[in-house]
Amino acid sequence: MGVYSWSDFDDTGDAPTARTGPDSPGFWLYSSGTTGSPKGVMHRQKALEVTAVNYGSSVIKIQPEDRCLSAAKLFFAFGLGNSLTFPFSVGATAILNPAWATPKAVAEALERYRPSIFYGSPGLLASIMDSQVSPDVMKSLRLVVVSGEALPSEIHRRFTEMYKVPVLDGVGSTEALHMFMCNREGEEHPGTSGRPVDGYEVKLIDGDGAEVTGPESPGYLHIRGDSIATGYWCRYESAKKAFIGEWLRTGDVYTRTQDGYYHFLGRDNDMIKIGGIWVSPAEVESVLTEYPDVLEAAVVGARTITGLETAVAFVVPRTGKVLDAGLLEQHCRAKMAAFKRPREIFFVEELPKTATGKVKRFQLRQQMADKVPVE
């Protein structure tokens, strides 16, 4: 890798430029494909500026002296903001690391380039701790920003204790271009996605189409703001379900606390109905990751031999640890109601993930469909 200044790419100024405005077609990004084939998401020119102001300037307060290192690459919405839009908006430095974001590669980049902001995923943070990356390589950081999956509160707590750097968890999407809800420095609420980013409106809608107004009541998350995409390329039916007037139906199920923080329960097609009661995969996963020897966990629905839905868990042990299913079940018994507990626990070496660190739950569900039904 080399170091380049903008003048290295500057032209003579005679190159023709297109006459574009804020609403001109700007670019496409493809969704990560956690639920199936990726969709081409169409964005306006204005969207880049909106995210730079709403999140880059207002939340992480990016400055010219900042040095940004992102695990997500430029061709993803999260990475595009982290490594291009935000640093370019203020003249900060972007560190483009071509290596796959393993704990070893991240540690080497942190030590060599001394970034001030690091962007990662919950699974990567867990792997960094599991690999016992030295706290010394984190000393240059003023912020760690996390997205992709909901960050379990236990991983948040352990990471901040080990590395002494604020961790800002949040939620964004390819359709919104970057974060539209997040925690702020000094106001972190572990286990939540924080509050709406300035410039975005958020509402929860129940199954009957009515807005959820009370705290702790689940609803489908809808957002609106000026960075929302104009639609999907050649996916008319999918676009009709997602883009409802000015609002984007994200497909996420959330609750809102009394003080306005949002708690992720799961994707609408990931929620599990057990005995007529909806169970949040994220809640069960959070309990599982509290167990000291668990690195990561993913919970999906499966059918019993009688056709009833139940929860099963795929659990990754920490390096060098051998998990005991009985002890892990005892841990779950002490932490959650009986109907929420996984009927079966499978120990695996790793979880199937997209390039942005999101778990491919549809693959786990397919694995269960290919197995003999649980009893």
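Please report LYS241, LYS39, LYS104 as a ranked list, fewest other C-beta atoms within 10 angstrom at the top and most at the bottom.
The most exposed by this proxy come first: LYS241, LYS104, LYS39.
Name the residue from VAL171, ALA302, LEU84 whose Cα lies farthest towards the positive end of the charge dipole of the chain, charges +1 on Cβ of Lys and Arg and -1 on Cβ of Asp and Glu.
The residue sitting farthest along the positive end of the dipole is ALA302.
How many angstrom lie between the Cα centre of region 184-213 and the Cα centre of region 237-301?
Using only Cα atoms, the two centres lie 13 Å from each other.
Would you mind computing, in nm to one decimal, how far apart the modelled labels at GLU350 and THR319 are, each placed 7 Å from Cα along Cα→Cβ?
Using points 7 Å along Cα→Cβ, the separation is 1.4 nm.
If you restrict to DSSP beta bridges whose two residues both lie in the chain, what percentage is antiparallel, to the nearest 5?
70
Which shape class applies to region 272-370: rounded if a/c is under 1.5, otherwise prolate when a/b exceeds b/c and oblate if not, where a ≥ b ≥ c are the square roots of the Cα gyration tensor eigenvalues?
Note, shape of region 272-370 comes out oblate.
Please list, in order along region 255-271, the HN-Hα scalar couplings obtained from phi with the Karplus expression 6.51 cos²θ - 1.76 cosθ + 1.60 (θ = phi - 60°), rounded to whole Hz, x for Gly and Pro.
With coefficients 6.51, -1.76 and 1.60, one gets 10, 10, 6, 4, 9, x, 9, 9, 10, 6, 9, x, 5, 4, 8, 9, 4 Hz.
Please give the charge dipole size of region 272-370, origin at the Cα centre, charges +1 on K and R Cβ atoms and -1 on D and E Cβ atoms. Round to the nearest 20 debye.
That gives region 272-370 a dipole magnitude of about 300 debye.
Stretch THR304-TYR4 to full length: gain in nm at 0.36 nm per residue minus the Cα-Cα span?
Full extension of this stretch gives 102.2 nm more.
Residue by residue through region 49-60, what is 3J(HN,Hα) from phi via Karplus (6.51 cos²θ - 1.76 cosθ + 1.60, θ = phi - 60°)? Round to whole Hz and write x for glycine and proline.
For region 49-60, the Karplus-derived couplings read 5, 4, 5, 5, 7, 5, 10, x, 7, 7, 9, 8 Hz, x marking Gly and Pro.
What does the charge count around GLU296 come to, taking other residues whose C-beta lies under 15 Å from its C-beta (Lys +1, Arg +1, Asp -1, Glu -1)?
-1
Calculate how many DSSP beta bridges within region 229-375 are antiparallel, expressed in % of all such bridges and rounded to the nearest 5.
80
May I ask you to list the lysines whose Cα is less than 23 Å away from that of LYS241, ignoring any residue fewer than eight positions away on the same chain?
LYS39, LYS203, LYS273, LYS358, LYS360
Okay, helix-only estimate at 222 nm for the chain: each DSSP H run of n ≥ 4 adds -39500 (n - 2.57), divide by all residues, round to 500 deg cm²/dmol; what do you get?
Dividing the helical sum by the residues of the chain leaves -6000 deg cm²/dmol.
Can you tell me how much longer the chain between ARG114 and GLU185 gets when fully stretched, taken as 0.36 nm per residue apart minus their C-alpha distance, in nm with one decimal?
Contour length minus the Cα-Cα distance gives 23.5 nm.
Report, in debye and to the nearest 20, how large the dipole of the chain comes out about its Cα centre when Lys and Arg carry +1 and Asp and Glu carry -1 on their Cβ.
So the dipole magnitude of the chain works out to roughly 460 debye.
Sort HIS189, HIS178 so that the residue with the fewest other Cβ atoms within 10 Å of its own Cβ comes first and the one with the most comes last.
The fewest-first ordering by Cβ neighbours comes to HIS189, HIS178.
Which whole-Hz couplings ³J(HN,Hα) result when phi for each residue of region 314-322 is put into the Karplus expression 6.51 cos²θ - 1.76 cosθ + 1.60, θ = phi - 60°, listed in order with x for Gly and Pro?
Here the 3J(HN,Hα) series is 10, 10, 9, x, 5, 4, x, 9, 10 Hz.
Label SER134 and PHE75 with points 7 Å out from Cα along Cα→Cβ: what is the distance between them in nm?
3.5
Here, each number is a calculation from the coordinates, and none is a lab measurement. As the structure is a computational prediction, the values presented were derived from the model and not from experiment. Cβ coordinates were reconstructed from backbone atoms using ideal geometry, including for glycine residues, and neighbour counts include every protein chain displayed.
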